[in-house]
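Below you'll find the structure, written out as C-alpha cells, and then a few comments.
The values are calculated or read from the model by the stated rules, or taken from the named source; none is laboratory data. Here the structure is a predicted model, which is why all the values come from computation and not from measurement. Cβ sites come from the backbone with ideal geometry, for glycine too, and all protein chains shown count toward neighbours. To get the accessible areas, we keep the full protein, side chains included, count just its heavy atoms, and leave off ligands, DNA and RNA. Shrake-Rupley method; radii C 1.70, N 1.55, O 1.52, S 1.80 Å.
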Amino acid sequence: MVMTAVRQDVTATGPPPAAARRRARRRTYLWSYVYLAPMMVLLLAFVVYPIIASLGYTFYKWDGIGDPSEFVGLANFRQIVHDSIFWRSLGHTFVYAAFVVPIQLVLALALALVLNNKRLRFASFYRTLFFLPVVTSAAVIGVVIQLLVSNFGDSINTLLLNLHLIHQHIDWLGDPHFAMAIIILVGIWHTFGYNLVYFLAGLQTIPDELYEAARLDGAGRIAMFRYITIPMLRAVGVVIVILAVIGTFQIFDLVQVLTSGGPFFATEVVNTYIYHLAFGGSNANAVQPDIGLASAASFIYGLLLIGFSVVQVVVLRSLARRRGVSS
C-alpha cells in the first residue's frame, strides 16, 4: 500500500526536475535545427554536392557540353602537377597573401584602437566609412580602378618624371612589375573593413577595469597595450589571422577584372587559372574549355589549402601556448 501511494504521488507531481530539463533542452535544440535547416539545405545543394560532383569530373576530359565520356584517369592531375603556370599562379597567390595579411592586420588593429576610444566623436561614422569598401563589389572596384589608371595614369607618369623618380612612362596594369603591386594595394583597401570590425569586437570584450587598474599602477599606453590588449586579443586574434589568410586565398574577381591574370601570367592566381581552364581563354594555356582539368586543379588547390590551414592552426596554437606558459 505504501509503495502504491508513493508511485501515485510521483505520477501526480510529474517527472523529476532533471528529466524536465533534458526535455526542455531537446526542444530548444530541435528549434535550433529547424532554423539551421534552410541554410544546411542550400549548403548541401550548392557547395557540398558540386564539390563531390566535380571530383568525378577530374577523371574525364570534358568541355562542359553533354555528358562526360572521355575517361582519362589521372592524366588531368599529372598535367596540372607538371604545369609551370599552375605553380606560378600558386606562388602569386601566396605572394598576395604574404603582403595583404600582415599589412592589413597591423593597420586594422591600429585603427581599431583609435576608433575604440569612447571619447572619439563621430566614431560610428568613421567605422561605417572604413567598412564601406567591403560591401562594394570587387568587380565594380576593379572597373573603377581600371578607369582611374587609364585616365590619370599619364598624369601620374608626368608627375613622377618631373620629380625624376622614373625615367620612362609606366603602363601600370600592363607592366609585370607594377600590376601585382596595384592588385595588392587595392586588395588591402577593399577587405580592410572585415579585420577592422573583428578587432573592434575583440577590443570591446576587454573590461575597462583592467585599464583603470593599470593606470592606477602607473602603466603607460605602451605597457597597457603590451600586457593587457595583446594578451586579451590573443584568442580572437588567432581566428582573425585564419580568416584573413583564407580570404586572401579566395582572390579572383579583382584580378580577373583588372588584369585577367596578365600581363604574361604575371598576376595569374590559382582561382583565375582554374577559371581560364574551365571556360577557356588565352591565359593558363587553355584556349578550349576543359572542366575535367579545371576540376583537377581545384581539387589539388583544395588539398593544399587544407594542409596549409592545418599547419597554420597548429603553429598559432603552439605559439599561444608557449606565450601562455612564459607569462
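Observations
- Working from Cα pairs under 8 Å separated by at least six residues, relative contact order for the chain is 26 percent.
- The Cβ shell under 12 Å around residue 279 holds other residues with a net charge of -2, Lys and Arg each +1, Asp and Glu each -1.
- Summing +1 for each Lys or Arg and -1 for each Asp or Glu among the other residues whose beta-carbon sits under 14 angstrom from that of residue 160 gives -3.
- Viscosity 1.306 mPa s, 10 °C: Kirkwood-radius Stokes-Einstein D of the stretch 119-246 over Cα pairs, µm²/s: 87
- Electrostatic tally near residue 207: other residues with Cβ closer than 14 Å to its Cβ, Lys and Arg +1, Asp and Glu -1, net -1.
- P(r), alpha carbons of the stretch 116-155 - 5 Å bins starting at zero, rounded %: 6, 19, 15, 14, 13, 12, 10, 8, 2
- Computed [θ] at 222 nm, helices only, for the chain once each DSSP H run of length n ≥ 4 contributes -39500 (n - 2.57): -23500 deg cm²/dmol
- Exposed trypsin sites (Lys or Arg not before Pro) absent: longest stretch of the chain, with sites in DSSP loops and at most 12 other Cβ within 10 Å deemed exposed: 122-327
- Ellipsoid fit via the Cα gyration tensor, the stretch 74-323: semi-axes of 38, 26, 15 Å, each the root of five times an eigenvalue, largest first.
- The chain - percent of accessible surface contributed by carbon and sulfur, probe 1.4 Å: 68
- Principal axis dimensions, the stretch 15-148 - Cα atoms, whole angstrom, descending: 62, 61, 25
- Dmax and Rg, reported as Rg then Dmax, of the stretch 145-195 (C-alpha, Å): 12.7, 39
- Most to least packed among 298-306, 254-262 [average Cβ atoms within 10 Å]: 254-262, 298-306
- Cβ-placed point charges (K, R +1; D, E -1), dipole of the stretch 74-323 about Cα centre in debye, nearest 20: 1060
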